[in-house]
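Note sheet for the following structure.
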Amino acid sequence: MEQAETYNLIRRYQRIDSTNRIALALGEEGAPHGSVILADEQSDGRGRLSRKFVSPPGGLYLSVVLRPDLPMESVPLITLAAGNACAVSIEKSSGVEVRLKWPNDLYCHGRKIGGILTQAGSYDQLSGSIPYVVVGIGLNINTNTADFPRELRNKVSSLLSLTGKEADIDSLFDILVRKLLAEIVLLQKDPEHILSTWRKRDYLMGTMLTWEKPNGEQLHGIGSGLMSDGRYLLTTSGGDDYPVLAGDIIISHINGQNIK
Ligand code: BTN
């Protein structure tokens, strides 16, 4: 079944703990594809690997319920499609060039300006599929770096800091959600197109990296690019290739300096 590209803004909160929490509950209740939750601020924003996503006022925090017609193995590609949608929307609205750090981070000029958290509803044995997926997007738009904890201040940035101009959050929200739904339609028809678009903004390609595996082990290597199944390839100095699906990829530093 082909999905419509229109969305329905169900609720907008001035402040909520997490838009993903609300959207997951809506997904369970049967909310249709394209249902959106928006917040101006989050008190308990969630990030990948159970991290907190600091969400002060001035940011764009939204979650979309999706019911895509995709095989289970294509679910990781949804985050990549969302990355493409974020990058295009930000570039169109602000002119700032966005790079994508596998699997879910958005970078501008070496600093994180946003992230994506994709959470799936439980696998349904009867239909053999996942009934819904929530894509949560957090973007530092008109945020002040001073509103972030001290330890994050030299790692994050915002469109305001990069351009010196306040952006129209409502207009960016509209462009972004439309683009996200269009990317999901494209993902269903032509996943290779999503992958090739993503690869053009690959932030890790050719970069020295450390893969922190879920079991705590570390592996050093160079970023060798996105694979067709959505995993990221790390090549060690010995020439061995390791496809990364889980855990964290960290950009290596030399003498305390980020090399990118
Ligand atoms: C990450 O950087 O690891 C992903 C961050 C995703 C944050 C967004 S903000 C809107 C939505 N609600 C949440 O609690 N998280 C996502």
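The values are calculated or read from the model by the stated rules, or taken from the named source; none is laboratory data. Just so it is clear, the model here is predicted, and its values are computed rather than measured. Here Cβ is always computed from backbone atoms with ideal geometry, including for glycine, and neighbour counts include all displayed protein chains. In case anyone asks, the SASA skips ligands and DNA or RNA and just uses the protein heavy atoms, side chains included. Shrake-Rupley method; radii C 1.70, N 1.55, O 1.52, S 1.80 Å.
Summary table
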{"quantity": "Flag if residue 250 is under 18 Å from the mean Cα position of the chain (by Cα), open to solvent by less than 40 Å² (accessible area, probe 1.4 Å) and of a type outside the set (S, T, N, Q)", "calculated": "no"}
{"quantity": "Members of region 95-110 found to be open to solvent by less than 10 Å² (accessible area, probe 1.4 Å) and out of contact with any helix residue (DSSP H, G or I) (no Cβ under 9 Å at 6 or more places or on another chain), listed by number", "calculated": "none"}
{"quantity": "Residues of region 53-71 classified as open to solvent by less than 50 Å² (accessible area, probe 1.4 Å), more than 14 Å from the ligand (Cβ to nearest atom) and touching a His at 6+ places or on another chain (Cβ under 9 Å), total", "calculated": "1"}
{"quantity": "Condition check for residue 99: within 9 Å of the ligand (Cβ to nearest atom) and of a type in the set (D, E, K, R)", "calculated": "no"}
{"quantity": "Whichever residue in region 111-140 is crowded, with 22+ Cβ neighbours inside 10 Å and not in a strand (DSSP E or B) and, among such residues, is nearest to the chain's Cα centre (by Cα)", "calculated": "140"}
{"quantity": "Count of residues meeting criterion [part of a strand (DSSP E or B) and out of contact with any Ser or Thr (no Cβ under 9 Å at 6 or more places or on another chain)] in region 228-247", "calculated": "2"}
{"quantity": "Which numbered condition residue 74 misses (of (1) among the hydroxyl-bearing types (Ser, Thr, Tyr); (2) closer than 16 Å to residue 181 by Cβ; (3) surrounded by fewer than 19 Cβ atoms within 10 Å (Cβ to Cβ))", "calculated": "(2)"}
{"quantity": "In region 102-139, the residues that are touching a Gly at 6+ places or on another chain (Cβ under 8 Å), small (Gly, Ala, Ser) and away from the ligand (no atom under 13 Å from the Cβ)", "calculated": "121"}
{"quantity": "Residue tally, condition more than 10 Å from the ligand (Cβ to nearest atom), closer than 21 Å to residue 68 by Cα and assigned to a strand (DSSP E or B), over region 6-52", "calculated": "5"}
{"quantity": "Pairs, first closer than 18 Å to residue 153 by Cα in region 42-67, second within 6 Å of the ligand (Cβ to nearest atom) and open to solvent by 70 Å² or more (accessible area, probe 1.4 Å), C-beta under 7 Å, six or more apart", "calculated": "53/46"}
